[in-house]
Amino acid sequence: MDPLTTLGAALAAAHFGTPLAYYAVAKRWLKTPWRVKPDPAYAPAVTVAIPTYNEARHIEEKLEDIYRQDYPRDRLEIIVVDSASTDDTAERARRWAAAHPDADVKVVEEPQRRGKASALNTALAMARGGVFVITDADCRWSQRDALRRAVSWLADSAVGAVTCLKKPAADGPAGVEAGYRGHYNVLRLAESKKWATPIFHGELAAYKTELLRKIGGFPLDIGADDSHTAAKIAAMGYRAVAAEDLWCVEAVPHNGYHRWRIRRAQHLLQHFLKTPVEEAPPPMRPILLAEKYLHLANPWLLPAAVAALVAAATPPALAVLATGAAALVFRSCRTWTAAQLYLIAAAVKNLRDKELVWEKQDK
Ligand code: GDD
Ligand code: MN
């Protein structure tokens with residue numbers, strides 16, 4: 001075979017082979033025991049923080065959602081931090097609080113929009129709960145015991161943070177979003193069983209408040225505030241896990257789906273760029289190494305492989321390309337390819353704009 005064809009084939013093999021190998025390893029981790037014990041009776045004081053920017057459409061339903069939880073109401077504090085919304089989010093939240101005197105709801109209005117992480121830090125500074133939970137205004141906790149389930153994991157002194165698994169509310173273009181989440185959840189759970197998952201979900205993430213304070217709160221320079229705090233807590237030697245029995249439904253935007261995926265990929269890249277492998281406890285290192293490679297480097301092998309095969313233009317090179325193109329009829333292949341393209345676009349975009357304060361997309 002000519003060198004270009006060989007190069008293209010090798011790049012393609014590495015691009016697809018590494019994640020498949022990691023997935024195989026993850027499946028083995030999935031079969032291992034948790035080595036931590038959730039306690040369903042554990043019910044410490046909890047603070048739920050809801051950061052909002054233009055969430056008038058969602059805020060009341062979100063507050064209802066939390067109010068409906070079967071968690072003891074006298075141990076539940078809710079803090080809405082609104083960052084200068086241009087709609088009536090804060091007013092609606094205040095009205096809802098006045099109509100529900102049995103719920104402990106505080107509404108903080110920041111005079112300026114400084115981003116989600118900054119708003120979470122405002123809530124953290126006032127929080128009275130020993131557990132600090134973050135949630136987005138536009139997501140639903142469909143399980144009435146979601147909060148109790150999340151908190152139960154924190155009863156174990158080895159666990160520092162817990163997050164949910166995600167179900168998309170819609171499939172996204174060409175089924176891309178739904179497909180992406182299936183594999184994704186397997187990895188999150190497997191990593192959690194091994195030690196900790198470096199990817200957390202702002203839809204429902206619960207932390208021990210003292211640990212959050214110890215790491216200095218939410219980072220202002222990294223969009224993935226949820227994941228980065230979890231990874232820092234894991235680096236301190238705590239487990240940071242996605243719980244197998246905890247689900248969140250996530251709204252998928254009708255418009256601007258691609259922009260949304262790119263921004264979120266960008267935030268994950270920022271997080272992985274600033275999470276050193278060597279600072280993690282030994283069982284966390286293979287997880288971080290794999291996820292860093294898969295997010296930061298592996299996507300680039302795909303266009304490199306295609307370019308080499310196109311340039312080679314030999315019959316075997318064209319056969320590989322044709323097979324790859326044909327494979328796109330399978331949803332899993334489209335899902336994969338889309339994720340790679342989002343990561344590449346995110347890396348490029350991140351060079352000039354970090355998107356730490358982002359446009360609200362309608363869901
Ligand atoms: N207070 C405040 N200030 N809240 C904000 C700001 C802000 O500047 N920007 C966004 N928020 C709030 C939103 O109102 C929402 O409740 C939550 O933060 C998440 O923002 P969305 O605009 O809904 O983003 P998403 O649906 O893509 O969220 C996902 O990605 C984010 C990172 O890109 C979730 O995983 C988030 O938790 C994550 O931070
Ligand atoms: Mn959202």
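Taking amide H as placed 1.01 Å from N in the peptide plane, residue 204 has its amide H under 5 Å from the amide H of 164, each at least 5 places away in sequence or on another chain. Kindly flag which residue pairs out of 194/214; 208/349; 27/167; 62/167; 292/349 have an alpha-carbon separation exceeding 29 Å in this structure. Correct reply: 208/349.
Size of the dipole of the chain about the Cα centre, Lys and Arg at +1 and Asp and Glu at -1 on the beta carbon, nothing else charged, in debye to 20? Mind showing how you got there, number by number?
Details: 47 positive and 40 negative charges, 178 e Å.
That gives a dipole near 860 debye.
Between the residues 215, 293, 170, the greatest Cα displacement towards the positive end of the dipole of the chain, with unit charges on the Cβ of Lys, Arg, Asp and Glu, is found for 293. Evaluated with a Cβ-only charge set (Lys, Arg +1; Asp, Glu -1), the stretch 235-290 carries a dipole of roughly 320 debye about its Cα centre, given to the nearest 20. Dipole orientation for the stretch 3-148: of the candidates 59, 90, 48, 48 has the Cα lying most toward the positive pole (charges on Cβ; Lys, Arg +1; Asp, Glu -1).
Projecting the Cα atoms of 325, 267, 160 onto the charge dipole of the chain, computed from C-beta unit charges around the Cα centre, puts 325 farthest toward the positive end. In the chain, the ratio of gyration radius to Kirkwood radius, Rg to Rh, stands at 1.00 when only Cα atoms are counted. Rounded to the nearest 0.05, the FRET efficiency derived from the C-beta distance between residue 74 and residue 27 at R0 = 45 Å is 0.55. With axes computed from alpha carbons, what is the tilt in degrees of helix 116-126 against the longest principal axis of the chain, rounded to the nearest 10 within 0 to 90? Its long axis makes an angle of about 30 degrees.
Considering only protein heavy atoms, what per residue accessible area in square angstrom results for the chain with a 1.4 angstrom probe? Present the calculation step by step, with values, prior to reporting the outcome.
Values: 15220 Å² over 363 residues.
With all protein chains present, the chain gives 42 Å² per residue.
Residues whose amide H lies under 5 Å from that of residue 77, counting only those 5 or more places away or on a different chain, are 46, 47, 48; hydrogens are built 1.01 Å from N in the peptide plane.
Computed over protein heavy atoms with a 1.4 Å probe, the carbon and sulfur contribution to the accessible area of the stretch 57-190 reaches 49%. A Cβ-based charge dipole, computed about the Cα centre of the stretch 99-248 with Lys and Arg at +1 and Asp and Glu at -1, lands at about 340 debye.
By how many degrees, 0 to 90 and rounded to 10, does the Cα axis of helix 257-273 deviate from the longest principal axis of the chain? With rounding to tens, the tilt is 90 degrees. Relative to the longest principal axis of the Cα atoms of the chain, helix 225-235 runs at roughly 80 degrees. Close amide-amide hydrogen proximity is noted between residue 52 and 81, 82, 83, each under 5 Å apart and 5 or more residues distant or on a separate chain (H modeled in the peptide plane; Pro and chain starts excluded).
The values are calculated or read from the model by the stated rules, or taken from the named source; none is laboratory data. Bear in mind the structure is a predicted one, so any value in this text is a computation, not a measurement. So basically every Cβ, Gly included, is an ideal-geometry build from the backbone, and we count neighbours across all protein chains shown. Keep in mind that these areas ignore ligands, DNA and RNA; they rest on the heavy atoms of the full protein, side chains included. Shrake-Rupley method; radii C 1.70, N 1.55, O 1.52, S 1.80 Å.
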